[in-house]
Amino acid sequence: MPRIETAAALEERRVAAKGLHPDSARRVTVCGGTGCQAAGGRDVAKAFKRELDEQGLDGEVEVIVTGCHGFCEQGPIVVVRPDDVFYPKVKKGGVAEIVRRTVASGEPIEELLYEEPTSGERFVREAEIPFYAGQQRLVFGDSGRIAPTRLDDYLAIGGYGGLRRALFDMEPDEIIEEITRAGLRGRGGGGFLTGWKWEGCRAASGQRKFVICNADEGDPGAFMDRSLLEGNPHAVIEGMLIGARAIGASEGLVYVRAEYPLAVTHLAAALEQAREAGLLGERILSSDLSFDIRISRGGGAFVCGESTALMASLEGKAGEPRAKYVHTVEHGLLDMPTTLNNVETWANVPLILKQGAEAYAAIGTEHSKGTKIFSLVGRINNTGLVEVPMGITLREVIFGIGGGIPGGRAFKAVQTGGPSGGCLPESMLDLTVDFQELTRAGSMMGSGGMIVMDDQTCMVDVARYFAHFLFKESCGKCTPCREGLKNSVEILDRITNGKGRIDDLSLLEEIGEWMTSSSLCALGGSAANPVLSTIRHFRGEYLAHIGEGRCPAGVCKALIRYSIDAALCDGCHACAIACPVDVIRGAKKEVHVIDAEACIKCGACLSVCPQDAVLRR
């Protein structure tokens, strides 16, 4: 790969790359994200290459394995470009027909197109599908169009144009001012203004300065950062280069989970390509910027998503946070000035420098600018990654883009912000998604997890689950977090086992307030959110568990009782056959009875009874 020595050479390379990969090029893009790979996406891509060769089209049409397309529920996803014909859940057996009719002749295949579950309407093009139509995919959209480890693909879409501007058209202070005027806030959870952080780091004195990308994404159900690194690693590299120029850093690190092997592979390949091209290393593009990036793999500790714990881990120490009054922009990694942002934040930086602060700030709300990528999971029809403008409502995300609740069941709650986020009820569905509103509602933006729950979800059990998760992941360094979570877990276990006391609620609230005000880091400071929000919005469920000895959602096994309604039972024996522990008594054609003491409460009898005679209380 020839080195790019100057800004002019970069532009020449970009024009050449655009000529090789024009928007009008005939391509078959196959999603190569982790989810689609698990569903057989790589085999589908190989099948397309074989079929194009057999039909004599291999020289005219290119097969590209891209990053994640976002609509994970529908993988493996194939999009035939430039017409953007969208095919979901593609199997190897359907490849030949797609090549023959769509690739060769431009004919969409009706029966293979995406069908909207609620209306039954079929859609030809990717952008027309309601899941995509409601989004604004500024940061994430390119992941579905380019080969993630091919530098020329990134250059063809304007890649490293923001870096060229930062190096030759702007002084470091002007870069920081541009980021500040854009209103970019950290997408990793804290929401701190990125420009302010960079300004503090630039002003700090130190022999060395570091730029760090936090890719230690540990929230259950969250995979935004992983997918960005898998699908468009050069955007993150470019963002870090611009940040390095702004603060005066020469060393960069990406702290990424070892459980993200594909992200690590793609990032490593992109870093090597950037070095070979002269976009990393000494005197980049013959400028005064010398900067390189290395990868450090984390061991999967959730607390290492916290900035100071992450830096301690990078130094080879235990991943424990430290007091916040010592600012990392002044005393960070190796006690040197350090700027740390997460993957999504870095990927926003080139976009701002390319389109300008005003254009970026025009998207979103007064205090929350731009777009945000969410991992939309749980009891939702359209599972996947969505990128939406700040200020959109929860209702628009869940029922518009997400397609609502499967099986027509009732919506119950949504948790935003990961395991430390709050659970918001139906009455708050019209809440706007931005940093201030979610925090005021008792939840948080977090890194972008959004877990949807239906009426079969027990909110007490949800609080118990996240308390257990955070208790296991806490470093245990400070007493409020360590003892507060330990006691919260014990109380919630007691309630879900039918042994709760009425004063447990006030005790949980008191512990939560203590943890929030006194914990050393954000893990402990926000750990009470799931408990406090469920008590606030779903207090009746707690009271049912404690005062009535029942779980309204039928989830907590200790509080469930199965019985058979004698008036409805016709003695068909289906329940007895299905019972795995043989605790249902009664001859055929006679009323059956369940031995409640021996019942393991698996629900098999309930699912097979044709007369709906099995009762669960």
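Only the coordinates and a few stated rules stand behind these numbers; no lab work does. Here the structure is a predicted model, which means the values were calculated and not measured. Counting neighbours? That spans all protein chains shown, and the Cβs are built from the backbone with ideal geometry, glycine included.
Residue ranges 191-200, 458-467, 168-177 sort as 458-467, 191-200, 168-177 when ordered by packing (mean number of other C-beta atoms within 10 Å per residue, highest first).
Taking every C-alpha pair closer than 8 Å and separated by at least 6 residues, the mean separation divided by the residue count of the chain gives a relative contact order of 11 percent.
Full extension of the segment from Arg501 to Glu276, taken as 0.36 nm per residue of separation minus the current Cα-Cα distance, would add 74.4 nm. Most simply put, the chain has about 55% antiparallel DSSP beta bridges, counting only bridges with both residues inside it.
In the chain, the longest principal axis of the Cα atoms and the axis of helix 41-54 are about 60 degrees apart.
In the chain, the longest principal axis of the Cα atoms and the axis of helix 233-247 are about 60 degrees apart.
As a quick test, which of the pairs Lys209/Lys317; Lys91/Lys372; Lys91/Lys412; Lys412/Lys472 have an alpha carbon distance above 29 angstrom in this structure? Correct reply: Lys91/Lys372; Lys91/Lys412.
To test your reading of the geometry: what angle, between 0 and 90 degrees and rounded to tens, separates the Cα axis of helix 343-355 from the longest principal axis of the chain? Compared with the principal axis, the helix lies near 40 degrees. Sites listed here are GluC sites (Glu not before Pro) in segment 245-306 whose DSSP assignment is loop and whose Cβ has at most 11 other Cβ atoms within 10 Å: Glu282. Here the Debye sum runs over all C-alpha atoms of the chain as equal scatterers in vacuum, and log10 of I(q)/I(0) at q = 0.05, 0.09, 0.11 Å⁻¹ comes out as -0.26, -0.79, -1.10.
Taking packing as the residue-averaged number of other Cβ atoms within 10 angstrom, the listed peptides 542-552, 107-117, 528-538 run from highest to lowest as 528-538, 542-552, 107-117.
Full extension of the chain between Lys91 and Arg42 gives 16.6 nm of extra length, using 0.36 nm per residue less the Cα-Cα distance.
Taking a point 7 Å out from the Cα of Arg294 in the direction of its Cβ, the residues of segment 191-210 whose backbone N falls within less than 15 Å of it are 209-210. With R₀ fixed at 51 Å, the C-beta to C-beta distance from Glu174 to Glu60 puts the FRET efficiency at about 0.65.
In terms of the mean number of neighbouring beta-carbon atoms within 10 Å, the peptides 343-350, 564-571 order highest first as 343-350, 564-571. Extension gain for Gln355-Gln456 works out to 31.8 nm (0.36 nm per residue, less the C-alpha to C-alpha distance).
Mean residue ellipticity, 222 nm, helices only, the chain: the sum of -39500 (n - 2.57) across DSSP H runs of n ≥ 4, divided by residue count and rounded to 500, is -10500 deg cm²/dmol.
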